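A short write-up of the structure that comes next.
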Amino acid sequence: MSLSERPAQPEVGKSIPHESAALHVTGQALYTDDLGGRLQNLLHAYPVQSPHAHAKILSLEVGAALEVTGVVRVLTAADVRGVNDAGVKHDEPLFPSVVQFVGHAVCWVLADSLEAARLGADAVKVEYEVLDAIITIQDAIRLESFQGSVQVLSRGDVTQIQEAAHIFEGEFEMGGQEHFYLETHAALAQVDEAGQMMIQSSTQHPTETQEIVAHVLGLQSHAVTVQCLRMGGGFGGKEMQPHGFAAIAAIGASLTGRPVSLRLNRTQDMTMTGKRHPFFAKWRIGFDQTGLIHALEVELFSDGGYSLDLSEPVLARALCHLDNAYFMPNIHAVGRVCKTNKTSQTAFRGFGGPQGMLVIEDILSRCAPLLGLKPEDLRSRNFYQPNQATPYGQVVKDTERMPKIWSALLETSQFKQRQLEIAAFNQHNQHLKRGIAITPIKFGISFNFTAYNQAGALVMIYKDGSVLITHGGTEMGQGLHTKMLQVAATALGVPLEMVRLAPTRTDKVPNTSASAASSSADLNGGAVKDACEQIKSRLAVIASSRFFVNPADVRFSSGQVFPVGYPAKSVPFAEIVSEAYYKRVSLFASGFYRTEGLHWDRVAMFGNPFKYFSYGASVSEVEIDGFSGAYKLSRVDILQDVGDSLSPLIDIGQIEGGFVQGAGWLTLEDLRWDAKGRLSTQSASTYKLPSLSEMPEVFKVALLEQAHESGVVYGSKAIGEPPVMLAISVREALRDGIAAFGNNSSSVLLPSPATPEAVFWAIQRAKQS
Amino acid sequence: MSEIQLVVNGKPKIVISPEPHTTLLHWLRDTGLTGCKEGCAEGECGACAVLLRKPHGAGSRLLSINACLVQLAGLHGQEVITAEGLGTPEHLHPVQAAMVATGGSQCGYCTPGFISSMADEYYRPNRQAFDLEALSGNLCRCTGYRPIQEAAFGLGLPDSSDAFFALQNQAAPEAQPVLLEQAGRAYYRPTDLHHALKLLEQHPKAKLVAGGTDWGVEVNLRGSRAETQIAIDHLPELRQVIWQNDVAELGAALSLSELEHLIGNKIPLLHEWIPLFASRLIRNSATLGGNIGTASPIGDSPPILLALEAEVVLVSLAGERIVPLEHYFTGYRQTQKQPNEIIKAIRIPLPLAEHAKFYKIAKRRMDDISSVSVGVALRLESGVVNSIRIGLGGVAATPLRALETEAFLTGQPWNLGTVQAAAKIMANSGTPLDDHRASAAYRKAMLEQMLLKFFAEVRP
């Protein structure tokens, strides 16, 4: 059977709750910070944070801190035996000599209690020489404060833009987003009974956490083990950022011989860790007479904060998603990462894709009225046609799915009819207007960085037939472990209850990729299946001699083993397993998967970086109060392609959750830094994420049917990130509603996030136009 | 007495000499009940929500509260139930089973808190339907809330054999007096008002703690510590609602949830406003006295109470005095209240103006702090403004009245022309600032717009 083919009675495809759901609801699911209380002599780490955005540390006096009762030690650069760097690019010193943003950790205090550590940190005296700081993206551009390489994505001849029937140009700045995983960063380090450094970390990338802890401690990787039980949310924020915190805990544990717990409080997490990149775009676009995009010229600037972190690949993905679902024969896009004195911005669900797509969607909505077209018509007109290639040269697979989804969703959402109803409503209401919009997504699946597209798994069957699996992916709520259990049970033909999943650990599966890029189920699912099938083929040999058939004719289903066509001859799976043991046949295997056919030239920005594309579309309807600009999301309809879903309840949860998170980014979540570089929205009371009141009043999510994806585990497709971008329809519905306060036909400028205040001012502009 | 006793998940616990600022959250986690999570430590996310059994008529109510904002010492004698105590993976509570079935948990970190808030609503006496507002103080970053709503709406009513339901028929354990002195810091819960005032006289710098929802944030986020804390939340003298012909007196230490229940629709403006105040998690602890006591310029109640012409009853050992609310605030977080005084009650003159509204401008509809808030109470007589009272929040260092606007409108016909002119005047009230919540220009615009909106809603 191929990778994508499903056997009879598969466990994949069933709607089942999250594998830890019963633990979640009873408070018994353990997270990294829940483990410290189980240990003796635990120390707590607390940072001393810089009050300046950019300053040289002249002196650091820790004496007073050591006087505080309970304080055991203050960790400084002198305590680093290996490399003083929390990243992989050597631009994130763990203990800086020059602080680069407000909140930058200067040193860490270890104490018997968190309270003592906090008081100790208050007592540390740091003398600074304040340096000039660059806070805004506009200042960075003006002062040419950039980092990393210039990225250029180019095809055709963009000077052709002059020939276009209609040429428009503009600018657009969009805000970033705080991850606000409910569980802040946490790590717990201890030297275990075998002398190895054992780290519990809330990390999406245990291998990289392991590597960085090792290089900070000056150890080889095999001396450090990282385990991630589960995360209380990650969203990309725990892909690169957990490493330094784990390293601090590890230094503390290695120096004191005591376990060290480090958990950021919310303010620390918000002031110390990276966020979604804010972007600024300058663009010029040419359309032909019929509204087809002829040429697009874009300058894209991301605000990377103080260090590179993942800013280059984020920018690359943004550039690779400027096209979204639209063919652009001529394009020239130049991207730069700005260097500013802020937190080092990082991965966040979508990884630049949302920012790239938002640029083109904003352009289309601004230009549609100027072209005399409805935005939905301008969009569908430009969809990729079969055999057309993206600007980076990849022929777009399954182009027919986009128009198929589009027309199906227009139908099921009764889009046209509602448009008429809304027009009538708006005619009769002076202070309340409604708006509706439909937007598409096409999102490339795979890491742009080809090497990351590999995964491993370890599958062990015990003599009683019970199965234990581990794999390289981490669980952050996305349901990966649930899917992997379903994959293993399906591959081995056993009921789900016979399979248990052990937490992600670097000493079980080495050299793992980050759980990121929506690819974890594809990659780890391939590896889990591979391991299961290796063992199954050995078991088939055992069973074949019992049944006197060819091993290829042995079937495994629902915990029974039988010759094909003769289920009556079934023997329990455990019996075959036991027999295999006595015949000295190995009952465990490591599985491996690599995505085939990928290549990417990151300098030329050309190649086939993606295995396939995720398609979807959404329709949103809003109602806006003209007095205040406040609005509500009345209804959302989504149709999303997830291939043949591995786990529909999980996938629908990802779509709904991703959508609301995206809507938060685009409407509500407003990161503000003041002129001195201090984050003024550094707590839950000032940074508002969507609550129940922001949930759409009617929320209908459907999965595209007959969407089998060949070449992917059990015919499924990725789902983690794409739904974030479905939320662009909320923004466009707001724009539609704002236009109704004016004469309905002019181009509406709408900042991002479209907060009630931003909407209010847009209404005032619309009324004046 | 330096022992704090409480019942947690049915088991009695004794805590010897806790540091007086120790929160319920940290203590629970230290005892191994790690289902109680810290998500924000300021009562915004609800990940720490647990159930506290509080008096309700002759019986009790399981009320969801933020464990991060409550001090352990304040719970002496009381009973707490956490997600761990409601059910186990083998025997899920109906609320837990519903959340499992609908996919209401993804990462699971916020889930125990949601379970607590859902259980609060599940056991609400005489509940007809599930009021989603019960979950307004719980944030989930993963699900988008739809499956949580499905779980909530799918809940039936508690079985008669339900042990927690039965528990609600029994009187709540009384909060016990506390006299905790530990490491140079003290936490007192006096038994009556006189005792409280005497303590206050001895400790003029003492922190008065009622709901503690503002003080808890100071403790957690800004590291504030008080030498002496005096808990006044259970003082019977501060927990009454008294209706007289010409005035309603609202006890300062009643929680807003209790107040909501006790005043019903008799003061429509408060009835409308209370559900907009923070979240039910907060309202289960927070008090009206506290909202005035903190004297925040962006507190929600002052603009309304200003519109309602409210007065503050201050009490000290010397007796009571009544201060009109409009004179109460003297500067940024400063008031007329003397160190030896306690806010006893808020008086609202009756009868009420026939037209009254409250407008809260905020980014988020539920559980957000307003950038601007406006309370308006209007009395019309044959289409002419007999009197109008407008309270404003968020536009100055203190809540204030829009005196010029009021003066302009009084005696004028209530029509679009005069209201538009008045709205222009109102836009210039106060000295609004630019901050992360809103620009000064927007705040100004909102002052104007809200009067226009009031007119659109209250046409003669």
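Here are the numbers for this structure:
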quantity: Most positive-pole-ward Cα, B:Gln96, B:Gly144, B:Phe165, against dipole of the stretch B:83-170 from beta carbon charges; calculated: B:Gly144
quantity: Net charge of Cβ neighbours under 15 Å - reference A:Ile293; Lys, Arg +1; Asp, Glu -1; calculated: -3
quantity: HN-Hα J in Hz across the stretch B:358-363 - Karplus 6.51, -1.76, 1.60, θ = phi - 60°, x for Gly and Pro; calculated: 10, 10, 10, 9, 8, 6
quantity: B:Asp131-A:Lys632 pseudo-label distance in nm [points 7 Å out on the Cα-to-Cβ vector]; calculated: 1.7
quantity: Helix-only [θ]222 nm of chain B, DSSP H runs n ≥ 4, -39500 (n - 2.57) each, per residue, nearest 500; calculated: -8000 deg cm²/dmol
quantity: Distance between the stretch B:339-402 and the stretch A:565-639 - C-alpha centres, whole angstrom; calculated: 53
quantity: For the stretch B:231-281 versus the stretch A:50-129, the gap between their alpha-carbon centres in whole angstrom; calculated: 48
quantity: Net charge of Cβ neighbours under 14 Å - reference A:Glu19; Lys, Arg +1; Asp, Glu -1; calculated: +1
quantity: Gyration tensor (alpha-carbon) shape descriptor, the stretch B:1-173, a/c threshold 1.5; calculated: oblate
quantity: Point-to-point label distance, A:Ser537-A:Glu497, nm (Cα→Cβ direction, 7 Å offset); calculated: 3.2
quantity: Computed magnitude of the charge dipole of the stretch B:236-352 (debye, nearest 20; Cβ of K, R +1, Cβ of D, E -1); calculated: 260
quantity: Distance-filtered residues of the stretch B:400-428 - backbone nitrogen under 19 Å, label point 7 angstrom along B:Ala440 Cα→Cβ; calculated: B:400, B:424-428
quantity: Sites A:Ala8 and A:Phe548 - FRET efficiency at Förster radius 25 Å, r taken between beta-carbons, to 0.05; calculated: 0.65
quantity: Prolate/oblate/rounded label for chain A (Cα gyration tensor, a/c 1.5); calculated: oblate
quantity: Where a label projected 7 Å from the Cα of A:Gln430 along Cα→Cβ would reach, residues of the stretch B:427-460 with amide N under 20 Å; calculated: B:427, B:445-460
quantity: Members of A:Lys536/A:Lys717; A:Lys397/A:Lys611; A:Lys632/B:Lys360; A:Lys433/A:Lys688; A:Lys688/B:Lys363 lying beyond 18 Å, as alpha-carbon distances in this model show; calculated: A:Lys536/A:Lys717; A:Lys433/A:Lys688
quantity: Unit charges on C-beta of K, R, D, E only; dipole of the stretch B:357-460, Debye; calculated: 220
quantity: Loop trypsin sites (Lys or Arg not before Pro), the stretch B:354-385, which have at most 10 other Cβ atoms in a 10 Å radius of their Cβ (DSSP); calculated: none
quantity: Estimated FRET transfer efficiency (B:Gln334, B:Glu227; beta-carbon r; R0 22 Å; 0.05); calculated: 0.55
quantity: Spatial separation of Cα centroids for the stretch B:320-338 and the stretch A:506-559, in angstrom; calculated: 74
quantity: Positive minus negative residues near A:Ile738 (Lys, Arg vs Asp, Glu; Cβ under 10 Å); calculated: +3
quantity: Positive-end extreme of charge dipole, chain B - chosen from B:His355, B:Gly430, B:Gly85 (charges on Cβ); calculated: B:Gly430
quantity: For the stretch A:316-398, projected area of the alpha-carbon convex hull averaged over all directions, nm²; calculated: 6.9
quantity: Taking B:Tyr123, A:Tyr687 and counting other C-beta atoms within 10 Å, the order from fewest to most; calculated: B:Tyr123, A:Tyr687
quantity: Anisotropy class of the stretch B:236-352 from Cα gyration tensor, a/c 1.5 cut; calculated: rounded
quantity: In nm, spacing of pseudo-spin labels at A:Ala675 and A:Ser149 (7 Å Cα→C-beta vector); calculated: 3.9
quantity: Amide H within-cut-off set for A:Leu182, under 5 Å, with H built and near neighbours excluded; calculated: B:Arg141
quantity: Residue-averaged 222 nm ellipticity for chain A, from DSSP H runs of 4+ at -39500 (n - 2.57), nearest 500; calculated: -9000 deg cm²/dmol
quantity: FRET efficiency, A:Glu127 to A:Gln196 (Cβ-Cβ, R0 45 Å, nearest 0.05); calculated: 0.70
quantity: Backbone HN-Hα couplings from phi across the stretch A:575-581 [Karplus 6.51/-1.76/1.60, Hz, Gly and Pro as x]; calculated: 5, 5, 4, 4, 4, 4, 4
quantity: Amide H contacts of B:Leu208 (H built 1.01 Å from N, under 5 Å, at least 5 apart or other chain); calculated: B:Ile230
quantity: Dipole magnitude of the protein assembly as shown, debye to nearest 20 (Cβ charges: Lys/Arg +1, Asp/Glu -1, about Cα centre); calculated: 600
quantity: Footprinting exposure proxy for B:Thr294, B:Thr82 (fewest neighbouring C-beta atoms within 10 Å first); calculated: B:Thr294, B:Thr82
quantity: Whole-Hz ³J(HN,Hα) from phi, Karplus 6.51 cos²θ - 1.76 cosθ + 1.60, for the stretch A:228-235, glycine and proline x; calculated: 10, 5, 5, 10, x, x, x, 6
quantity: The stretch A:405-513: trypsin sites (Lys or Arg not before Pro) in DSSP coil with no more than 14 other Cβ atoms inside 10 Å; calculated: A:Lys463
quantity: Given charges at Cβ of Lys, Arg, Asp, Glu: chain B dipole, positive-most of B:Pro268, B:Ser439, B:Gly251; calculated: B:Ser439
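Read-outs throughout are calculated quantities, based only on the coordinates presented, and are distinct from any laboratory measurement. It should be emphasised that the depicted structure is a prediction, and the values quoted were computed from it without experimental measurement. Cβ atoms come from the backbone with ideal geometry, glycine included; neighbour counts cover every protein chain shown.
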